[in-house]
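Structure record follows, encoded as structure tokens.
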Amino acid sequence: MSDALIKYIDTPHPVTGVTNSKLGMWLFLATEVMLFGGLFSAYIILRSGDPTWPHGSQFLDINLATINTMVLITSSVTMVMSWASLMMKSLSKFRLYMGVTIILSFVFLVIKYFEYSHKIHLGYLPKTHNFFGIYFTLTGLHGLHIIGGIFVNLYFLITSGKAWREAPTTFTGRIEAAGLYWHFVDLVWIFLFPALYLL
Amino acid sequence: MSHEHDSHHGHELSFIQKYVFSVDHKVIGIQYGITALTFLFFGFVLMMLMRWQLAYPDQPMPIVGSLFPNGMPNGLMTGDFYNELGAMHGTIMIFLGVVPLGVGAFGNYLVPLQVGAPDMAFPKMNAASYWTYLTGGLIMFSSFFLAEGGAAQSGWTSYPPLSVMAGQGQTFWLFGMVMLITSSLLGSVNIIVTIVQLRVPGLSFFKLPFHVWAQFVTSFLLLLAFPPLEAAGVLQLMDRLAGTSFFLPSGLVMGESVMDVAGGGNVVLYQHLFWFLAHPEVYVLILPAIGLITEIIATNTRKPLYGYKTIIYAAIFLGFMSFLVWAHHMFMTGMGTVMSDFFQVTTMIISVPSVVILTVLIITLWGGSIRYNVPMCFALAFLPMFAIGGLTGLPLGLSASDIYLHDTYYVIGHFHYVVAPGTLFALFAAVYHWYPKAVGRKMSSFWGKVHFWGSLISINFVFFPMLLQGITHLNRRMYNYPLTGEGTTLWDIYPHSASIQYLNEVISIAAWVLGAFQLVFIFNFFLSIKFGKKVNDNPWEATTLEWATPTPPPHGNFLTEPTVYRGPYEYSVPGEKEDFSPQHIEPKPA
């Protein structure tokens, strides 16, 4: 493929110090910051303009959300470990840590599912009040990011044998970029948790 | 990057891989270009239909009217159909036409060539960007065929609450827009990484052609301004599909009854999110165009650009300031005088770098030995046209005069001067200028000049009268004004505008003439592929790297990786044999 001609796929650019994919991932994360920034701004404006806005803790389950926060932070740690395993040339450890990351992502989604179904059971729908509207929109969009991350990580886990054998440096770079994304998704939750549940 | 490698490729790729699902930036650029030009023409046709209704209100449209049994029963245009045409004209021209042509086509085709790269940094992502764009465009296009309600009809701005109550077409609009945003983000990430990482040895940032700088700044605008619109789109989708009321205030009345929504939303919030994109979007439209014009003017005046660093700093400052002016579109929302003051000051400030850029280009002409070929004609026409567009914007940026001019034809005239005879003329210039590189033949110069003069004259008859109509305060969204018959007519509401009613007919006829002259361009474009004059690798005797490739450039672009020794605009260097010194040719030691 024409990829072969393009420079700085595996080796960092001597001036910028990063590979193409890492720079690309940072730029992509900049767009994500603007996307969630826009939504958070909307949240602030809606909340400050509505005297009937409730405190999150009145309706949302802080315990479940705290567990979920722990789950996500742990998954971020295992994601780093999976990348570090590749740096230490251990494919089997990579598979272990990547597997744990994916399992933890599913745990997050399952807990989220129980939260959602409980709300819906009680009749708290997006249309009930803008508080629930913004709650479902923000956490839903965050959930979509989690699902996207699961697909990417699963793909890397399944194809890891071949990718590691054929191009270890490229593969390590991809895991690093995927890790950046995963930490960002984690970080968004760190903002969502206090903004929606605690305040 | 050898011959061997290229020929090896030729065997490997089937026709479909090479020309349809290609990952080559040049093929993708051409795909973008042809798709965007098609959408531009389609958007123009929508406008030509609207102009019939404005010139001959409530008279049946001959022949064409019978093609639209729903929108034009008995050839008479309904108000809803007029609104569909208006909303989709704006959306298609901006998001499916001009931006994909400026950034998608020329950004893709020229940026890797001008930085000396073999391709974009992420070729597959580049292809994904094009196919996402096409899908988004087709989703928007298909909404015309919806049984219930047709296409979106809430204006290209899609302000709530109107857009939240509107028919299914608006949902299609939102899904299409999300696709277009995704496509733009993929494209802009690609362009930035290519410029930062893949410049050839010797090509420092201050040796880049200004076009590359313009695309660089533009990509940052797309990158940072589009996601808030995506946020607004997501919230509006939730309002439409999940019944939230992010943009619906309490006690909203629709059809004589209070709407059954929770309320508590904020209408102006949408406008803030929308204009946070849509003002930088104006510079997304204009910056690539200015970049292309700069290349053409420097080449055809045979002298260096006057103030190369000045124009770069102006572009960067312009990009930065464009994030701080958005609410000058919202002086009428009652957001308060303090906010208005802030945004009118920033708006006056942003006009400074625009004037700097224009001044640099005009002074570049001074003392040059100008070649009046077709691209240069378009480039020269761009300067005064863009100046009219820019200067007519000043009264709109000041909150006091904007209160009078807001929502009149003056606004339409103003921004069309920026985008149509401004940006689009620049893009036409670029098509004529780089066509020989992509095809290996020149477009016909005679028919190019017919296209140029016809377009220049008729386009001014389209937009200048609009400025006059707007000054008499003719509202931009009125679709009919029956002069005879019963009931209140528009001229009872706007008696002061009655005297300029005849201009509607002038504008409409000029618009149809303008459309006819574009057919000249279309024929010239396609026939020149076969019958154009054959050219060598550097027909305009230009200095930048794209002219150092074979014609058309093969997969991988350069036969050997070039090294850059000079700035981008070394024309008529004293002591050199020729009046142009390409960037990749080493200067002889003195």
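A few remarks follow.
- Cross-link pairs exceeding 23 Å between alpha carbons, from the set B:K530/B:K577; A:K7/B:K124; A:K112/B:K124; A:K93/B:K124: B:K530/B:K577; A:K112/B:K124; A:K93/B:K124.
- Helix B:502-531 axis, angle to chain B major axis (alpha carbon atoms, nearest 10°): 30
- The HN-Hα couplings worked out from phi for the stretch B:36-42 by the Karplus form 6.51 cos²θ - 1.76 cosθ + 1.60 (θ = phi - 60°) are 5, 5, 5, 5, 4, 5, 4 Hz, whole numbers, x standing for Gly and Pro.
- Sites B:V258 and B:F461, calculated FRET efficiency, Cβ-Cβ separation with R0 51 Å, nearest 0.05: 0.60
- Each helix, a run of at least 4 DSSP H residues, gives -39500 (n - 2.57); summed and divided by the residues of chain B, these come to -19500 deg cm²/dmol at 222 nm.
- Surrounding net charge for B:A152, when Lys and Arg each add one and Asp and Glu each subtract one, Cβ distance under 15 Å: -2
- Charge tally around A:A42: other residues with Cβ under 15 Å, Lys/Arg +1 each, Asp/Glu -1 each, net -2.
- Loop sites in the stretch B:268-370: chymotrypsin sites (Phe, Trp or Tyr not before Pro), DSSP, at most 13 other Cβ within 10 Å: B:W366
- By definition, a body whose alpha carbon gyration tensor gives a ≥ b ≥ c is prolate when a/c is 1.5 or more and a/b is larger than b/c, and the stretch A:2-198 fits this prolate description.
- Counting only residues at least eight positions apart within a chain, or on another chain, the lysines with an alpha carbon under 21 Å from that of B:K534 are B:K26, B:K437, B:K442, B:K449.
- For chain B, relative contact order (Cα pairs under 8 Å, six or more residues apart, normalised by length) works out to 15 percent.
- Across chain B, the longest run free of exposed loop sites, meaning GluC sites (Glu not before Pro) lying outside DSSP classes H, G, I, E and B with no more than 11 other Cβ atoms within 10 Å, spans B:257-485.
- Using a Förster distance of 35 Å, the FRET efficiency for B:T337-B:L527 (Cβ separation, nearest 0.05): 0.05
- Calculated P(r) tail over 44 Å for chain B, as whole % of Cα pairs: 18
- Computed over the stretch A:1-133, relative contact order equals 17 percent, with contacts defined as Cα pairs under 8 Å that lie 6+ residues apart.
- Separation in nanometres of the label points that stand 7 Å from Cα toward Cβ, at B:T359 and B:T135: 4.8
- Placing a pseudo-label 7 Å from each Cα along the Cα-to-Cβ vector at B:V64 and A:I67 gives an inter-label distance of 6.4 nm.
- Two-site label geometry, B:S401 and A:H55: point separation in nm, points 7 Å out along Cα→Cβ: 5.4
- For the stretch A:93-122 and the stretch B:74-130, distance of Cα centres in Å: 39
- Straight-line cross-link partners of A:K22 among the aspartates and glutamates, defined as a Cα under 19 Å from its Cα and at least 8 positions apart when in the same chain: A:D3, A:D10, A:E32, A:E176, A:D186, B:D119.
- With at most 16 other Cβ atoms within 10 Å, longest stretch of chain B clear of loop trypsin sites (Lys or Arg not before Pro) (DSSP): B:1-301
- Comparing Cα centroids, the stretch A:38-89 and the stretch B:16-53 end up 42 angstrom apart.
- The calculated FRET efficiency for B:H496 paired with B:F41, based on their beta-carbon distance and R0 = 45 Å, is about 0.80.
- Diffusion of the protein assembly as shown by Stokes-Einstein, at 20 °C in a medium of 1.002 mPa s and with Rh set to the Kirkwood radius over alpha-carbon pairs, works out to 76 µm²/s.
Every number in this text was worked out from the coordinates using simple rules, so none of it is lab data. Note that the structure is predicted; figures quoted are calculated from it, not measured. Reconstructed Cβ throughout: ideal geometry from the backbone, glycine too, with neighbour counts over all protein chains shown.
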